[in-house]
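Notes to accompany the following structure.
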Amino acid sequence: MPHDMTSGSKETALEHKGLFFKALHAFNRLAALMGSVAIGLAACVLTWEATARYLFKIPSDWQDEVTIFLLVGATFLSAGWVQIQRGHVGIQALGGVLSPQADLIRRYLSDILSLLFCLFFSWKSWTLLIEAVEDNQISGSAFGAPLWIPYGSMAIGTSLLVLVLLEQVLNKEALQKK
């Protein structure tokens, strides 16, 4: 005999779902904060490099790669938080010419297509990360930084973005947010 959910167990399931998404949002805020710190560090590294090279005649070969890794990390780690804010590039002109219902459908389809693309990108990022770890891959520069660093930020960032997009596809109230 199939088990029917009582209203109490439905409420509990909704509370757990709500707790999961609250935790997801909090984790995305933390990831975005880490991305902000990474951008600040990249600025410091580039400032040091320019100052050391031109004022003190101290060349370095590591700053470009470190800066790229920091900016890649910042970009991917903050992507989920930006999506929560609906801050990614959208076609605002269509919203002005479509009816509210048609615009809602457009945004919903956009979320679904974004989810599918990001799901694929996340999967590929995880395969790159696993391969980089298993093969001890390093960059081809003299610095020789491990490639699990940028691949890890890509995998984590796109996974967070996928979870946010999934929430927004499943949650009609989130779709109302512009």
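Values as computed for the structure displayed
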| item | result |
| --- | --- |
| Sole exception among (1) under 14 Å from GLN168 (Cα atoms); (2) without any contact (Cβ under 8 Å) to a residue 60 or more places away in the chain; (3) part of a helix (DSSP H, G or I) for PHE21, by number | (2) |
| Criterion: touching a strand residue (DSSP E or B) at 6+ places or on another chain (Cβ under 9 Å) and either at pLDDT 95 or above or surrounded by 13 or more Cβ atoms within 10 Å (Cβ to Cβ) (or both) - qualifying residue of GLN137, GLN168 | GLN137 |
| Some residue of region 111-118 being among the aromatic types (Phe, Trp, Tyr) and part of a helix (DSSP H, G or I) | yes |
| Selection from region 38-55 of residues that are more than 11 Å from THR67 (Cβ to Cβ) and of a type in the set (Gly, Ala, Ser) | GLY40, ALA50, ALA52 |
| Matching residues, region 76-110, being among the hydroxyl-bearing types (Ser, Thr, Tyr), surrounded by fewer than 16 Cβ atoms within 10 Å (Cβ to Cβ) and assigned to a loop (DSSP other than H, G, I, E, B) | SER99 |
| Which listed residue, of LEU33, LEU41, is exposed (fewer than 14 other Cβ atoms within 10 Å of the Cβ) and either over 29 Å from the mean Cα position of the chain (by Cα) or at pLDDT 95 or above (or both) | LEU33 |
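The values are calculated or read from the model by the stated rules, or taken from the named source; none is laboratory data. Bear in mind that the values here come from a model prediction, so they are computed numbers and not experimental data. Neighbour counts are summed over all protein chains in view; Cβ atoms, including those assigned to glycine, are modelled from backbone coordinates with ideal geometry.
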